[in-house]
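Report on one structure; see the data block that follows.
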Amino acid sequence: MRCFLYAYFLCLCLLFSLEKGCAFEGRKIAESQHSHTIEVSSLFPSTSCKASTKDLNSKNKASLKVVHKHGPCSELYQDKPNAAPTHTEILLQDQTRVNSIHSRLSNSRTSGGNDMKVTDSTTVPAKDGSSVGAGNYVVTVGLGTPKKELSLIFDTGSDITWTQCQPCVKSCYRQKEQIFDPTKSTSYANISCSSPVCNSLNSATGNTPGCASSTCVYGIQYGDSSFSVGFFGTEKLTLTSDDAFEKVYFGCGQNNQGLFGGSAGLLGLGRDQLSIVSQTASKYKKIFSYCLPSSSSSTGFLTFGGLASKSSKFTPLATISAGPSFYGLDFTGISVGGRKLPISASVFSNAGALIDSGTVITRLPPAAYSALRDLFRKSMSKYPLTKALSILDTCYDFSNYPNISVPKIGFFFSSGIEVDIDARGIFYANSKSQVCLAFAGNSDATDVLIFGNVQQKTLEVFYDGSAGKVGFAPGGCT
Ligand SMILES: *[C@@H]1O[C@H](CO)[C@@H](O)[C@H](O)[C@H]1NC(C)=O
Ligand SMILES: *[C@@H]1O[C@H](CO)[C@@H](O)[C@H](O)[C@H]1NC(C)=O
């Protein structure tokens with residue numbers, strides 16, 4: 001937990017309105033009202049982790065360090081239990097996640113009826129749910145008594161928290177840390193099938209719970225072939241040394257498969273009553289915030305409770321009736337280089353929008369994406385275009401440019417706020433000769449807009465589930 005000095009430092013900077021003077025390591029060279037000038041090299045992670053050095057824990061809040069799963073700040077990466085996927089693989093998996101979110105919202109998850117059995121993976125359909133994807137961020141929490149440290153992918157797009165559990169009745173994928181053994185924990189308890197909370201798995205997972213020797217069985221699948229099935233139990237969850245919760249409902253996975261990249265499972269931060277946000281509501285009042293670092297060689301934070309940064313701009317949370325677990329937002333427009341795209345607000349309201357920590361690339365309604373791309377290409381016309389990278393069709397060859405000037409991109413929301421995307425939230429960089437605009441269009445105008453995690457980089461995103469609002473502040477982390 002040594003990464004937070006920088007955040008403190010930044011807060012001070014913000015307080016004294018010196019944020020531009022605090023530009024990170026000289027990377028951002030200049031900033032005009034409507035454009036960023038950046039060094040192309042700043043779009044790439046360095047080979048070593050540059051975490052900062054102070055603990056952000058203070059009264060009424062609990063902070064965890066956030067790292068990208070596939071980078072030098074991640075323990076998972078250092079051990080290389082799984083080779084990091086290529087950018088093409090990440091983007092493909094991202095599309096799988098997006099497809100499953102879209103189908104989940106259009107089917108309203110009414111299909112149900114998938115009865116979960118611990119030993120039978122064929123009962124797990126691979127078409128519904130949300131893909132965990134590969135472009136994700138992990139935090140380390142403590143589980144059980146005595147406490148075992150586990151690195152979990154945190155996901156605002158799903159609810160149930162689970163980890164792989166011994167004896168892995170059917171299968172466990174390879175993870176970096178020791179697999180959790182509930183028999184070695186004095187605080188573990190099974191949930192019985194007759195408990196009402198067993199039934200609440202219906203809404204948290206989209207699947208009917210199963211029953212094995214009177215123990216409740218959960219199952220969740222994530223769009224691609226990833227899934228976890230196992231016993232539903234309660235355990236002590238330790239977030240920080242000061243903040244522990246007894247009897248937190250979680251999944252003890254006995255049959256797990258998928259793209260979890262060496263992590264031990266998933267921390268569900270959605271809006272359902274079984275999410276960690278809801279289960280810790282008595283203490284944190286459904287307040288949490290995070291900052292996703294600009295690259296895999298720096299660190300961010302996930303904080304429960306606490307206050308939003310003073311520079312936060314707020315907009316109301318919207319509820320998506322077909323997917324009440326998601327954090328909906330009312331998007332109203334996009335600007336490029338200070339010019340608002342000439343598209344009707346109904347393009348956004350017809351699609352609806354949500355913010356997701358687990359989707360990599362922001363997905364826009366088709367009309368919004370083509371308008372964004374056209375204006376972006378126009379203002380970038382002095383740089384040579386190059387071949388597409390998977391779903392990204394606007395890529396530049398910056399090999400001959402040490403520094404580039406990029407139009408600012410802003411998102412507008414119903415409260416009237418405009419949120420500026422960080423310069424490193426505009427691009428997805430494969431190599432200096434292939435740096436791509438990190439946006440894609442949905443294929444259908446009614447598919448939901450997804451505010452993805454590349455565009456959230458370095459923003460402090462503050463969720464207040466009690467007051468029903470989300471806040472954005474620049475410079476939350478590096
Ligand atoms: C939980 O339930 C499973 C299935 O019935 C059983 O094998 C396991 O021993 C139980 N664990 C505890 C701690 O009761
Ligand atoms: C790029 O920016 C760096 C850092 O400010 C500066 O030293 C360098 O001269 C710039 N290069 C060009 C070609 O503008």
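The values are calculated or read from the model by the stated rules, or taken from the named source; none is laboratory data. Everything quoted here is computed from the prediction, not taken from an experiment. Cβ sites come from the backbone with ideal geometry, for glycine too, and all protein chains shown count toward neighbours. Surface areas here come from the heavy atoms of the whole protein model, side chains and all, with no ligands, DNA or RNA. Shrake-Rupley method; radii C 1.70, N 1.55, O 1.52, S 1.80 Å.
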Residue satisfying condition, being out of contact with any helix residue (DSSP H, G or I) (no Cβ under 6 Å at 6 or more places or on another chain), open to solvent by less than 20 Å² (accessible area, probe 1.4 Å) and in the same structural domain as Val336 (by TED's automatic domain parsing), within set Val454, Val461: Val461
Failed criterion for Ser100 (all others in (1) at pLDDT 90 or above; (2) in a helix (DSSP H, G or I); (3) open to solvent by less than 40 Å² (accessible area, probe 1.4 Å); (4) not basic (Lys, Arg) hold): (1)
Only listed residue being in contact (Cβ under 8 Å) with a residue 24 or more places away in the chain, in a strand (DSSP E or B), of a type in the set (A, V, I, L, M) and touching a Pro at 6+ places or on another chain (Cβ under 7 Å), chosen from Val229, Val138, Val217: Val217
Out of Tyr383, Tyr401, sole residue that is without any contact (Cβ under 8 Å) to a residue 40 or more places away in the chain, over 25 Å from Leu269 (Cα atoms) and out of contact with any Asp or Glu (no Cβ under 7 Å at 6 or more places or on another chain): Tyr383
Entirely in the stretch 366-453, the strands (runs of 3 or more DSSP E) that have 3 or more residues that are within 26 Å of the chain's Cα centre (by Cα): 409-413, 418-420, 427-431, 434-437, 439-441, 449-451
Within the stretch 138-196, tally of residues that are within 16 Å of ligand 1 (Cβ to nearest atom), closer than 24 Å to Cys73 by Cα and among the aromatic types (Phe, Trp, Tyr): 2
Filtered residues of the stretch 228-256 (kept if within 16 Å of ligand 1 (Cβ to nearest atom) and charged (D, E, K, R)): Glu235, Lys236, Glu246, Lys247
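Any residue in the stretch 359-371 that is modelled with pLDDT under 95 and within 30 Å of Val138 (Cα to Cα)?
Applying the first criterion (modelled with pLDDT under 95) to the stretch 359-371 yields 359-360.
When the remaining residues are screened for being within 30 Å of Val138 (Cα to Cα), the result is 359-360.
There is at least one residue in the stretch 359-371 that is modelled with pLDDT under 95 and within 30 Å of Val138 (Cα to Cα).
Could you tell me whether any residue of the stretch 254-270 is of a type in the set (A, V, I, L, M, F, W, C) and surrounded by fewer than 22 Cβ atoms within 10 Å (Cβ to Cβ)? Step through it out loud before you land on a result.
Taking the stretch 254-270 as the starting set, the residues that turn out to be of a type in the set (A, V, I, L, M, F, W, C) are 259-260, 264, 266-267, 269.
Okay, now just the ones that are also surrounded by fewer than 22 Cβ atoms within 10 Å (Cβ to Cβ), so none.
Looking for residues that are of a type in the set (A, V, I, L, M, F, W, C) and surrounded by fewer than 22 Cβ atoms within 10 Å (Cβ to Cβ), one finds none in the stretch 254-270, hence no.
Identify all residues within the stretch 149-172 that are under 25 Å from Ser296 (Cβ atoms) and open to solvent by 30 Å² or more (accessible area, probe 1.4 Å); write none if there are none.
From the stretch 149-172, those under 25 Å from Ser296 (Cβ atoms) are 149-158, 161-164; that's our starting set.
Within the stretch 149-172, just Glu149 meets the criteria.
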Qualifying position, being within 23 Å of Ser433 (Cα to Cα) and either at pLDDT 80 or above or in a loop (DSSP other than H, G, I, E, B) (or both), among Ser63, Ser41: Ser41
Which numbered condition Ser415 misses (of (1) more than 30 Å from Ser282 (Cα to Cα); (2) open to solvent by 50 Å² or more (accessible area, probe 1.4 Å)): (1)
Condition check for Ser213: small (Gly, Ala, Ser), within 16 Å of ligand 1 (Cβ to nearest atom), open to solvent by 50 Å² or more (accessible area, probe 1.4 Å) and out of contact with any Lys or Arg (no Cβ under 7 Å at 6 or more places or on another chain): yes
